[in-house]
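In what follows, a structure is listed as structure tokens, so that the remarks can point back to it.
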Amino acid sequence: MKFSIERGALLRAVARAQSVVERRNTIPILANVLIEADGDEVMFRATDLDIEVLDRAPAKVERAGATTVNAVTFHEIVRKLADGALVNLTDDGASGRLTVEAGRSNFALATLPRQDFPVMATSEYASNFSAPAPVLRRLFDKSKFAISTEETRYYLNGVYMHVAEAESGRVLRCVATDGHRLARIDAGLPDGAEDMPGVIVPRKAVGELRKLLDDDDAKIAVSVSETKVRFATPEITLTSKVIDGTFPDYTRVIPVNNTRKLEVDASDFARAVDRVATVSSERSRAVKMQLDEDRLILSVNAPDAGNAEEELVVAYSDEKLEIGFNAKYLLEIASQVDRENAVFLFNSSADPTLMREGTDTSAVYVVMPMRV
Amino acid sequence: MPSLCRDCLTTFQDAPRCPSCRSPRVAAHPELLDLSIAHMDCDAFYASVEKRDNPALRDKPVIVGGGTRGVVTTACYIARIKGVRSAMPMFQALRLCPEATVVKPRFEVYSAVSRQIRAMMDDLTPVVEPLSLDEAFMDLTGTARLHGAPPAVMLARLTARMQAELGITGSIGLSHNKFLAKIASDLEKPRGFSVIGAAETMDFLGPRPVSLIWGVGAVTRAALERAGIRTFNDLRRWDRRDLEDRFGGMGVRLWHLARGEDMRRVTANAPVKGVSNETTFRADTADADVLDGHIWRLSEKVSGRLKAKGIAGRIVTLKLKRSNHSILTRRVSLHEPTQIADRIYRTARGLFEQVAREGPFRLLGVGVSELVGDTAADQSGDLLDPQAASRAAAERAADRIRQRWGDAAILKGRSLR
């Protein structure tokens, strides 16, 4: 194998591929990136056996071939090369070394045979559709904060992507919850997604996926089967196993009869919550909300550290209410609101509270109160 | 040989009596002035406090205890002569020593005295590690220049001060590590001052029983006996690897202790890090129902201790020991601290399901760590488990019933498994 490639293009491709490599792994080949040169492009492939990233970059290929090298080392080297340099990579197949040349720098990296690299089996996908990057970005960005990290409930360690029936008709929906808050985000159902099986996309795949979604004009090709999900742009293909488990019936969790309604400017609210929460350093600190006639008093009482109180003018005309929440959870859901006012719907101080943006029901959040 | 008069604190060389005050209370040891790890243990602490506060009892046998469990908490040395021991049922103690005065424990008084003793120890060194109200480790390494006297002198001064100012006597063990210091303090109680030097460590331990080792309870002792190990000499004949294979991490510890090696440091203000309970089964088992019963009972025990202390923890740990003594632990971090048995149980149960097929097991333990005060505990519910709140409320109600009517008044069917 022999090819030359522009350093910038090489760095972009290698950086994306190496990020899936598990830093602490015991299987040597999984620390490596598979480099395949053929035609006028080079493919970089890395995997942790659950996720595979395949990244293509244009290159001048003199001799087709393939090999694997340590992904982290290779990435570090490419990162430190001068910008704009032309990088020559050669693997003679016999020495067990990949030579990396750029200007006066010369590296020889140990390789492992390409046959050892576990390429993820291609599978039949039940559903293939295309979705604009901004649509997927919204679905996952607004839901991922609620993903659980609790291993005992592994089926919550991802975003449940499925087709659902909303008031507006059938939608592509993402739901995540950790049992304390829940996010339910809807988007118009793309053509071809009607028969998509519901899948739980693991947290790590959600993180990797995000890197594909920065370009507003990009179209993402999505393929879904019962066991795998694939997101692809012309350069990058991200394939991930999905979590083998049943996502709980979240519909019973979303309150429908909450009648006490609070409307507040989300950023004013978030800033106030952040300010009062400062007095407590506890991880699960509680913020108390006292609501009475267009007035909201936020307070935190930390016996060891002190207390704080702040008053906000809000729209609230229902019965008096006192309710507590984990400050972090309140901040997280308030920061999801970006256009209109935040609308909170309460039942009692012990029941789940619903939050949405204005009258928009395509993104709703549920949060469990805390005893205060 | 360096010698120390424990009455006037004079140091001198080789003499059966103190050359300046003629006292016979002399501590003499070749390493006396070099050793700096100490263990202080009060003599019959609760009984001594009672005698101090009621001088009429001074020459009479005194037993502190009774209360709900009807056992001896502490017996004074006069009662001990008659055979009365701690943890003995009261009726048995009184049969042995009918003339004894039984006093109900007054824990507030004991802890006040304990604080006074602690203040005196703090004057000696910043590194004081209390084990209970009446005993503590101290590391006096490097304090000789500050005090202008070696650790041995300062320790003798400590017990003299305790006796003069508080009317409480204590025994000192002085050695080169915690393990030996604790053994030493017990050698010549009451009012003892014993030294175990580095040079004599091996000879000293050799013929003694391994049950001297803190943490070697009945089960371990039986296991050691099956391996033909009774004394430190027996233990020393074993290869390190063989001990490790047979007894796991404990084996490595035993190998070191057999040689009088103990690397644990004296740590000041070591806070409680976790609360855990474990149980070793009579026979190894892989029966999920039996193990489930153990998980529940242990969760309840841990929860009870957390509730009694007004604390709660965020991390739940499940510990299992396989038949070959290898240990398996799984832990999970909760999003908020808990002290509720039901939550501890469900979490531990979830962990158990991950490893159940690794059985059979010989031991199971449940622990809670990363402790905080209980005001921050169990404040929020679980969206996906709406019944959790009512189960927790039922548990609190059952706790109140038990407080009033006793532990057996109400229990879960699960605990009978």
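The values are calculated or read from the model by the stated rules, or taken from the named source; none is laboratory data. Just so it is clear, the structure is predicted and the values come from calculations on it, not from any experiment. Note that each Cβ is placed from the backbone with ideal geometry, even for glycine, and that neighbours are counted across all protein chains shown. For accessibility, only protein heavy atoms count, side chains too; no ligands or nucleic acids. Shrake-Rupley method; radii C 1.70, N 1.55, O 1.52, S 1.80 Å.
Checking the condition buried (at least 17 other Cβ atoms within 10 Å of the Cβ) and of a type outside the set (A, V, I, L, M, F, W, C), which residue from A:Ser281, A:Ser240, A:Ser317 passes? Only one candidate passes the filter, namely A:Ser240.
Go through (1) open to solvent by 60 Å² or more (accessible area, probe 1.4 Å); (2) in the same structural domain as B:Pro360 (by TED's automatic domain parsing) and name the single condition B:Ala288 misses. Every condition holds for B:Ala288 apart from (1).
Total residues in the stretch A:324-372 satisfying the condition of being charged (D, E, K, R) and more than 14 Å from chain B (Cβ to nearest Cβ): the figure is 6. Of the candidates A:Val343, A:Val366, the single residue that is outside any loop (DSSP other than H, G, I, E, B), under 22 Å from the mean Cα position of the chain (by Cα) and not acidic (Asp, Glu) is A:Val366.
Residue by residue, here is whether (1) farther than 17 Å from B:Gly313 by Cβ; (2) out of contact with any Phe, Trp or Tyr (no Cβ under 6 Å at 6 or more places or on another chain); (3) assigned by TED's automatic domain parsing to the domain that holds B:Ala348; (4) open to solvent by 30 Å² or more (accessible area, probe 1.4 Å) holds:
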{"site": "B:Val366", "(1), (2), (3), (4)": "no, yes, yes, no"}
{"site": "B:Ser369", "(1), (2), (3), (4)": "no, yes, yes, no"}
{"site": "B:Gly373", "(1), (2), (3), (4)": "no, yes, yes, yes"}
{"site": "B:Ala377", "(1), (2), (3), (4)": "no, yes, yes, no"}
{"site": "B:Asp385", "(1), (2), (3), (4)": "yes, yes, yes, yes"}
{"site": "B:Arg391", "(1), (2), (3), (4)": "yes, yes, yes, yes"}
{"site": "B:Ala394", "(1), (2), (3), (4)": "yes, yes, yes, yes"}
{"site": "B:Ala397", "(1), (2), (3), (4)": "yes, yes, yes, yes"}
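Residues in the stretch B:296-314 that are farther than 23 Å from B:Leu416 by Cα, open to solvent by less than 60 Å² (accessible area, probe 1.4 Å) and of a type outside the set (D, E, K, R): B:Gly310, B:Ile311, B:Ala312, B:Gly313. If the condition is being touching a residue at least 12 places away in the same chain (Cβ under 8 Å), assigned to a helix (DSSP H, G or I) and within 12 Å of chain A (Cβ to nearest Cβ), then the stretch B:378-406 contributes B:Ala388, B:Ala392. For the stretch B:70-110, a residue qualifies if it is loosely packed, with under 13 Cβ neighbours inside 10 Å and small (Gly, Ala, Ser), and the qualifying residues are B:Gly70, B:Ala87. Within the stretch A:188-206, the set of residues being among the small types (Gly, Ala, Ser) and either without any contact (Cβ under 8 Å) to a residue 24 or more places away in the chain or open to solvent by 10 Å² or more (accessible area, probe 1.4 Å) (or both) comprises A:Gly188, A:Gly192, A:Gly198. Filtering B:Thr280, B:Thr317 for residues that are assigned by TED's automatic domain parsing to the domain that holds B:Gln379, β-branched (Val, Ile, Thr), open to solvent by 50 Å² or more (accessible area, probe 1.4 Å) and assigned to a strand (DSSP E or B) leaves a single hit, B:Thr280. Out of curiosity, is A:Ala121 away from every other protein chain (no Cβ under 14 Å), more than 19 Å from A:Val242 (Cα to Cα) and out of contact with any Leu (no Cβ under 8 Å at 6 or more places or on another chain)? Here the answer is no, as A:Ala121 does not meet what is asked. Regarding B:Glu278, is this residue over 13 Å from B:Gly367 (Cβ atoms) and acidic (Asp, Glu)? So B:Glu278 does not fit the description; no. The condition (being open to solvent by 60 Å² or more (accessible area, probe 1.4 Å) and among the hydroxyl-bearing types (Ser, Thr, Tyr)) is satisfied by just one residue among A:Thr99, A:Thr90, A:Thr111, A:Thr122: A:Thr122.
Counted as qualifying within the stretch A:187-286 are the strands (runs of 3 or more DSSP E) with 1 or more residues that are in contact with a strand residue (DSSP E or B) (Cβ under 7 Å, 6 or more places away or on another chain) and closer than 30 Å to A:Asn326 by Cα, namely A:199-202, A:260-264. If you go through the stretch A:164-183 and keep only what is farther than 30 Å from A:Gly324 by Cβ and in contact with a Lys or Arg (Cβ under 6 Å, 6 or more places away or on another chain), you end up with just A:Ala164. Residues in the stretch B:132-143 that are touching a strand residue (DSSP E or B) at 6+ places or on another chain (Cβ under 7 Å) and either open to solvent by 40 Å² or more (accessible area, probe 1.4 Å) or among the charged types (D, E, K, R) (or both): B:Asp134, B:Glu135, B:Asp139.
Any chance you could count how many residues in the stretch B:198-225 are under 15 Å from the mean Cα position of the chain (by Cα) and among the polar types (S, T, N, Q)? Of the residues in the stretch B:198-225, 1 are under 15 Å from the mean Cα position of the chain (by Cα) and among the polar types (S, T, N, Q).
Residues are listed down the side, and each one gets a yes or a no for (1) part of a helix (DSSP H, G or I); (2) within 13 Å of chain A (Cβ to nearest Cβ); (3) under 23 Å from A:Pro369 (Cβ atoms):
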{"site": "B:His335", "(1), (2), (3)": "no, yes, yes"}
{"site": "B:Arg349", "(1), (2), (3)": "yes, yes, no"}
{"site": "B:Phe352", "(1), (2), (3)": "yes, yes, no"}
{"site": "B:Gly367", "(1), (2), (3)": "no, no, no"}
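A:Ala176 fulfils the conditions (1) among the small types (Gly, Ala, Ser); (2) assigned to a loop (DSSP other than H, G, I, E, B); (3) within 14 Å of chain B (Cβ to nearest Cβ) except for a single criterion, (2).
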